[in-house]
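Beneath this line is the structure, given in structure tokens, with notes to follow.
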Amino acid sequence: MSDFDDQARAAGERVRREAERITAAMEPFESPTESGPGRSSRRLLAAAAVVVVVAGIGGLLVAANRDAGVDTVSPPPDSHPATTTISEPPTTTEPAPAPTTATVPTTTEQPTVASIRRPIVDPAVCTPISATSGGQSGLPRDPGSSLPVTLFARPSAFPVPIQIIAERVDGQAKPFALVQRYVDRERQWISSDNTESINGIDIFLGTYDSGNGEAEWTLPDGSMGYLRSRGFDREQLVSILTQLTPRPADAPIPGFDYGTGGPDGLALVAEQLNTEPRDASFAGSQCRVESTGYVYQVGATTGNVVYTYATVIDRPPPVDVGVVGDAVIVINGIDDPAAPRASDVLDADEEPWRQLLLATEPEPELAQLIGGDREVVVDFVPIDDTSTLVSSLTLRVDVTDGVAFLEVYTNDALVAEAAEYWKTEIDGRMRSRSSATPGEGRRGAFGSRLGDSPSFEQLTEEFTVRISTTDGDDQTIQTTGTIRLVPILAAN
Amino acid sequence: MSYEIDRGPDFDEFFESEFTNILALALAVLHDRDDAVDVAQETMARTFAGWDVVATLDRPGAWARRVALNLATDTLRRRTRRQRLHLRLRSQPPPIGDAPGTIEWDRTFWAEVAALPKRQRDAVVLHYVEDLAIADIAAIVDAPEGTVKSDLSRARGRLRDAMQRNDHDVQDEE
């Protein structure tokens, strides 16, 4: 054997000894209720503690080896009781081994699972500018705080089930679908075109170049199913839809059961009703890529499982999505080769983070692509009005007869009671004003002229938009904040 | 607050016998105690949660090792950019190994191991840390024995060259 081999083996042996030392030093796991510090029980407690940490903060305990082909999900301890996480059926019928019970004490010295609470992009990739928790509006909120979340809030007497069909491991970062069922028969069709018959029911089905998809259909009992997806093609969406079986209307969560014949790896992984606000934590920061000047927004969301999925759907595809520990990392901005990726995101130290929170937020901030079938969904946030929830507006650009228009769709907007007008500002100048109707935004849209343009291809200038509602005295009631939009062709 | 954990005595034994081995693998790849402990614990958490299935495998330990090596690789990838920043902000991790004269050699050696392609790195770590036979390594990395032999041979050659270069560099400085 060569000297090199001897030295390498000796190095390996030193690593082993170090591992033994570390293991022996893992006393914080030891339960004070245990009668003796037995190695076996101590180590079992260590594993248990790890599981509790993973499950407790993740809301979904995932056990899987992506390469080993084992993939199971267990429900977490009761950290988010209204979100049901779905367990796989047992994979064996063998009786369980004799139980061993371990009690894990509450301790502040539990081992930490790598996660991200103060997301910044590696400064070598993207220079940090500021930190905030405020979605895409850029409006200040208490950064990193726990947000009461009402998902897809609607003033309906009937709760709306929200179900997630996804892969069980890191599903937020992979293709998934969010399914809702409206039993109040009040929701309007988003389209009557492009339907497909599935299981004897005509289903509107749309898939788009952006990777988003949607489906809507009326069930025999008059209720309506509504699915939004990310990353699936039409064939996969059809496959998913064939696996949805409506539950009885009086079921605790009257959504759908999901069969086993859909695309590989997908399952019903979480579900809840929209009526139950659940806590989720969000923190975010902005950074600028020096080579392009583009600003990016990076967010980290933890907590309520359904909410973590909702943060990455129903909007233009993020540049990248990743899952780090229990945090879902989303990067928004212009997707080009210099754009930061989720793997570039770090957990900032406290002091630099504090400095970023204090930093003035640039305006306009996040640039987003728009045009073609690429729409932009923006938060629509109330100012000094806690009774109105954050909702959203959808922006599109269209060119008709040589004129470019910005179209604003209000289907998902909740308009405040005090609002009297819609106001649209483009590049800092008011372009349109129209009457607003308080309440849930029904199917509606209004437009503003962007300028003359023979075709979309010739619309190449960036512009900023700010959509607001105001009262009769022109005081802002709700606003999107200033949004920087980049026609797709201008970014190429 | 307490939680009742129940996975039976088999998992207890598995944990007893394998935790340190898994930790050693992670330590060899990552050369950072905190990251290695994270990987070992995450591996055990996944094993624990999937124990109903893992326990039925011929080699639960091989499964766990593969999970650990994959997690360690993920950590390495995440680290590449992070390291540049953090190494400027905090001191180097304490060296592993306490024998005089070995600290620098070990540090260089494991840094070179970390720079190997994944398959070669996995083979080297399993070979030098766990002293496993080719057949056992092949079972863990899920590759033919011939591939493992070839990976190991290439990795050894590369590491030997790197360490010799490093020796020369040190001598040149002296």
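The values are calculated or read from the model by the stated rules, or taken from the named source; none is laboratory data. Keep in mind that this is a model prediction, so the values were computed, not measured. With ideal geometry, Cβ positions are generated from the backbone for all residues, glycine too; neighbour counts draw on all protein chains shown.
What is the residue count in region B:105-156 for residues that are of a type in the set (Val, Ile, Thr) and either within 14 Å of residue A:9 (Cα to Cα) or assigned to a loop (DSSP other than H, G, I, E, B) (or both)?
Filtering region B:105-156 down to residues of a type in the set (Val, Ile, Thr) leaves B:108, B:113, B:124-125, B:129, B:134, B:137, B:140-141, B:147-148.
Narrowing further to those that are either within 14 Å of residue A:9 (Cα to Cα) or assigned to a loop (DSSP other than H, G, I, E, B) (or both): B:113, B:124-125, B:129.
Qualifying residue count for the region: 4.
May I ask you to list pairs of residues, at least six apart or on different chains, whose Cβ atoms are under 6 Å apart, with the first in region A:395-419 being touching a residue at least 12 places away in the same chain (Cβ under 8 Å) and the second being among the hydrophobic types (A, V, I, L, M, F, W, C) and part of a loop (DSSP other than H, G, I, E, B)?
Matching pairs, first to second residue: A:404/A:459; A:414/A:389; A:415/A:436; A:419/A:436.
With respect to residue B:97, determine if the residue is modelled with pLDDT under 75, facing chain A (nearest Cβ under 7 Å) and within 19 Å of residue A:13 (Cβ to Cβ). Quick ask: steps written out before the conclusion?
Numbers: modelled with pLDDT under 75: yes; facing chain A (nearest Cβ under 7 Å): yes; within 19 Å of residue A:13 (Cβ to Cβ): yes.
So residue B:97 fits the description; yes.
Mind checking whether some residue in region B:75-89 is part of a helix (DSSP H, G or I), in contact with a strand residue (DSSP E or B) (Cβ under 9 Å, 6 or more places away or on another chain) and modelled with pLDDT of 60 or more? Spell out how you get there, then give the answer.
Start the filter on region B:75-89 by keeping residues that are part of a helix (DSSP H, G or I), which leaves B:75-89.
With in contact with a strand residue (DSSP E or B) (Cβ under 9 Å, 6 or more places away or on another chain) added as a condition, the list becomes B:78, B:81-82, B:85-86.
Then keep just the ones that are modelled with pLDDT of 60 or more; that gives B:78.
Yes, because at least one residue in region B:75-89 is part of a helix (DSSP H, G or I), in contact with a strand residue (DSSP E or B) (Cβ under 9 Å, 6 or more places away or on another chain) and modelled with pLDDT of 60 or more.
Go through region A:441-475 and give me each residue that's at pLDDT below 70 and part of a strand (DSSP E or B). Outline the logic, then answer.
Applying the first criterion (at pLDDT below 70) to region A:441-475 yields A:441-443, A:452-460.
The one that is at pLDDT below 70 and part of a strand (DSSP E or B): A:452.
Which ones in region B:120-159 are within 12 Å of chain A (Cβ to nearest Cβ), among the charged types (D, E, K, R) and free of Cβ contacts under 8 Å to residues at least 60 places away in the same chain?
Listed by number, the residues that qualify are B:122, B:131, B:156, B:158.
Between a residue in region B:56-68 that is outside the structural domain of residue B:30 (by TED's automatic domain parsing) and any residue that is assigned to a helix (DSSP H, G or I) and modelled with pLDDT of 85 or more, which pairs come within a Cβ distance under 6 Å, given they are 6 or more apart or on different chains?
none
Which of the residues that make up region A:301-319 are touching a Ser or Thr at 6+ places or on another chain (Cβ under 8 Å) and not in a loop (DSSP other than H, G, I, E, B)?
Across region A:301-319, the qualifying residues are A:301, A:302, A:303, A:305, A:306, A:307, A:308.
Can you pull out the residues in region B:9-41 that are under 25 Å from residue B:116 (Cβ atoms), assigned to a helix (DSSP H, G or I) and more than 7 Å from chain A (Cβ to nearest Cβ)?
Of everything in region B:9-41, those that are under 25 Å from residue B:116 (Cβ atoms), assigned to a helix (DSSP H, G or I) and more than 7 Å from chain A (Cβ to nearest Cβ) turn out to be B:18, B:21, B:22, B:25, B:26, B:29, B:30, B:34, B:35, B:36, B:39, B:40.
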